[in-house]
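Participant: Attaching a single structure in structure tokens format; questions to follow.
The values are calculated or read from the model by the stated rules, or taken from the named source; none is laboratory data. Keep in mind the model is a prediction, meaning the values are calculated, not measured. Here the Cβ positions follow ideal geometry from the backbone for every residue, glycine too, while neighbour counts run over all protein chains shown.
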């Protein structure tokens with residue numbers, strides 16, 4: 001999630017004001033502002049591959065994908081000038097369907113994500129798997145699918161919300177595997193997700 005943690009406690013309004021004037025990206029968690037970690041070449045390539053794959057499949061549909069600079073709010077509607085609760089995050093890729101619902105008139109914080117995809121990094125993996133996902137589940141009721149994409153091996157973990165409110169889990173491994181995202185009628189072929197990614201440093205028998 002972050003490389004450094006600020007000491008002061010910021011309100012949501014203060015965070016958004018600072019963030020909108022900043023050249024760097026920061027996430028917000030319950031009053032604290034965290035600098036976003038840099039990304040590796042593999043992380044960048046996988047993210048671009050995912051954008052291309054999904055955008056091409058979503059053409060003509062009611063859903064659309066956004067990447068990198070779109071924040072998602074996972075928390076209560078903050079009280080003006082004093083609210084400090086909630087998570088404001090930058091998913092690697094977010095898909096929403098229908099008209100976007102925004103936090104405010106700046107239209108840069110989405111409230112109704114349908115699919116969120118995170119490309120895992122050593123600095124963010126624990127948070128992506130833990131508290132971040134928990135908050136997505138609790139506060140983003142529109143969220144139907146959460147995908148964790150490894151960058152050190154061809155593997156995608158797929159959590160899907162069921163009609164009962166519980167979440168199913170599936171793991172796709174190897175470049176021959178396919179992940180189907182039924183909520184948006186899309187599929188991810190891992191051979192395409194990991195196009196141009198080399199795993200020569202890993203055990204070839206693992207894939």
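Participant: Tell me which residues, restricted to region 48-63, are touching a residue at least 60 places away in the same chain (Cβ under 8 Å), assigned to a helix (DSSP H, G or I) and within 17 Å of residue 145 (Cα to Cα).
Facilitator: 50, 53, 54, 57, 58 - these are the residues of region 48-63 that are touching a residue at least 60 places away in the same chain (Cβ under 8 Å), assigned to a helix (DSSP H, G or I) and within 17 Å of residue 145 (Cα to Cα).
Participant: Being surrounded by 14 or more Cβ atoms within 10 Å (Cβ to Cβ), over 18 Å from residue 121 (Cα atoms) and at pLDDT below 95, is that true of even one residue in region 6-24?
Facilitator: Yes, some residue in region 6-24 is surrounded by 14 or more Cβ atoms within 10 Å (Cβ to Cβ), over 18 Å from residue 121 (Cα atoms) and at pLDDT below 95.
Participant: Follow-up question, since we're still on this one. For region 79-92, which residues satisfy the criterion of being surrounded by 19 or more Cβ atoms within 10 Å (Cβ to Cβ) and at negative phi?
Facilitator: Passing the criteria: 84, 87, 88, 89, 91, 92.
Participant: Quick check, is residue 44 surrounded by fewer than 18 Cβ atoms within 10 Å (Cβ to Cβ), over 21 Å from residue 127 (Cα atoms) and free of Cβ contacts under 8 Å to residues at least 12 places away in the same chain?
Facilitator: When the stated conditions are applied, residue 44 does not pass them.
Participant: Now for a different question. Within the group 61, 71, which residue is touching a strand residue (DSSP E or B) at 6+ places or on another chain (Cβ under 9 Å), surrounded by 17 or more Cβ atoms within 10 Å (Cβ to Cβ) and under 30 Å from residue 154 (Cα atoms)?
Facilitator: Testing whether each residue is touching a strand residue (DSSP E or B) at 6+ places or on another chain (Cβ under 9 Å), surrounded by 17 or more Cβ atoms within 10 Å (Cβ to Cβ) and under 30 Å from residue 154 (Cα atoms) leaves just 71.
Participant: Right, here's the next one. Within region 25-34, is there a residue that is surrounded by fewer than 16 Cβ atoms within 10 Å (Cβ to Cβ) and outside any helix (DSSP H, G or I)?
Facilitator: yes
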